[in-house]
Amino acid sequence: MTEETPGFDEKPDVPSGATPDDAEPTAAPEEGAAPAGDAATADRTAGLTAQLDQVRTALGERTADLQRLQAEYQNYRRRVERDRIAVKEIAIANLLTELLPVLDDIGRAREHGELVGGFKSVAESLETVAAKMGLQQFGKEGEPFDPTIHEALMHSYAPDVTETTCVAILQPGYRIGERTIRPARVAVAEPQPGAQTVKAESSESAETADDKENGGPDEG
């Protein structure tokens, strides 16, 4: 029985003339082969890039949807506000239209000197409220006749007018802003037939008389 010497391990046989590093040769990596870790990283990067593109596309679509909804909401608000104003104007116009006969009575009472005492205060308060609501009275004697705001109830001829003119206001007109709720009812007068011709002849005669008084036109 042999005894093993402690502290010494058996070593594999090494051929003479060879170094210890040659005992276990290692395989050299192939040229041009990418490490497995780099390939996995590239795959993950490509996958994340594709997901990022999908997220960006979805975000763009949602942003466009939000902008479209916001524009539709703004248009809806404008329509509601426009309709609200239109309904308010119609309601005010209907109310004031019902008050026009009362205002006509007040006007006639004022013309006849009957607007006195407490009735005068009430009448003036009513006129003030109507004016605050936008009611405006129009129609004056001597203004040119406009068929869009005047209604001719009487017609005559007058030698002292050069165009169709309102010579009497039978009933005043009323408007709210640019909207006429009742035309002014008027009596109109037109130029006397032939008056323009006579006037033109008179002007020519006057010019001829002036030329004669001045010795006629200068001779060359």
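The values are calculated or read from the model by the stated rules, or taken from the named source; none is laboratory data. Note that the structure is a prediction, hence the values are computed from the model and not measured. Note that each Cβ is placed from the backbone with ideal geometry, even for glycine, and that neighbours are counted across all protein chains shown. Ligands, DNA and RNA are excluded from the accessible area calculation, which covers all protein heavy atoms including side chains. Shrake-Rupley method; radii C 1.70, N 1.55, O 1.52, S 1.80 Å.
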Open item on the list: If you filter region 136-177 for chymotrypsin sites (Phe, Trp or Tyr not before Pro), then keep DSSP loop positions with at most 15 other Cβ within 10 Å, what is left?
Closed with: none
TODO: Report the Stokes-Einstein translational diffusion coefficient (µm² s⁻¹, integer) for region 102-172, Rh taken as the Kirkwood radius over Cα pairs, at 25 °C with viscosity 0.890 mPa s.
DONE: 171 µm²/s
- [ ] Can you tell me the dipole magnitude for region 66-198 around its Cα centre, using point charges on the Cβ only (Lys, Arg +1; Asp, Glu -1), in Debye to the nearest 20?
- [x] 920 debye
Open item on the list: How large is the direction-averaged shadow of the alpha-carbon convex hull of region 56-196, in nm²?
Closed with: 14.7 nm²
- [ ] Would you mind getting the accessible area per residue of region 55-134, heavy atoms of the protein chains only, 1.4 Å probe, in Å²?
- [x] 78 Å²
Open item on the list: Report D for region 32-119 in µm² per second (integer): Stokes-Einstein, Kirkwood Rh on Cα pairs, 20 °C, 1.002 mPa s.
Closed with: 104 µm²/s
- [ ] Report the GluC sites (Glu not before Pro) located in region 109-202 that are in a DSSP loop and have at most 14 other Cβ atoms inside 10 Å of their Cβ, or state none.
- [x] E114, E141, E163, E178
Task: region 127-190: trypsin sites (Lys or Arg not before Pro) in DSSP loop, at most 14 other beta carbons within 10 Å - done: K140
